[in-house]
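Q: I have a structure here, written as structure tokens, and I will follow up with some questions on it.
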């Protein structure tokens with residue numbers, strides 16, 4: 001049953017991940033242009049740092065959605081996340 005609730009949340013989770021990834025990628029590209037003199041190893045470390053930060057920022061919203069989905073689809077929470085992060089409502 002939990003799996004079906006999780007499946008119902010997948011579109012919201014994907015959209016939320018995209019909300020975080022898009023600015024991360026834009027800022028990462030901007031920074032890497034400015035530090036193009038750094039070697040590949042240093043640039044990879046910067047990429048990993050951006051990934052870690054993005055994952056940490058996403059952790060609480062995603063954990064809340066997943067935790068609440070154990071008791072059914074958390075419609076109120078999904079609606080709040082959709083509004084707060086300007087996601088598109090799922091049909």
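Q: Please state which of the following conditions residue 15 fails to meet, knowing it meets all the rest: (1) at pLDDT 95 or above; (2) within 9 Å of the chain's Cα centre (by Cα).
A: Status for residue 15: all satisfied but (1).
Q: Somewhere in the range 77-90, is a residue in contact with a helix residue (DSSP H, G or I) (Cβ under 8 Å, 6 or more places away or on another chain), outside any helix (DSSP H, G or I) and surrounded by 13 or more Cβ atoms within 10 Å (Cβ to Cβ)?
A: yes
Q: Tally up the residues in the range 66-88 that are within 15 Å of residue 18 (Cβ to Cβ) and free of Cβ contacts under 8 Å to residues at least 60 places away in the same chain, please.
A: Total satisfying the criteria: 1.
The values are calculated or read from the model by the stated rules, or taken from the named source; none is laboratory data. Since the structure is predicted, the reported quantities are computational estimates derived from the model, not experimental observations. Backbone-built Cβ (ideal geometry, glycine too); neighbour counts: all protein chains shown.
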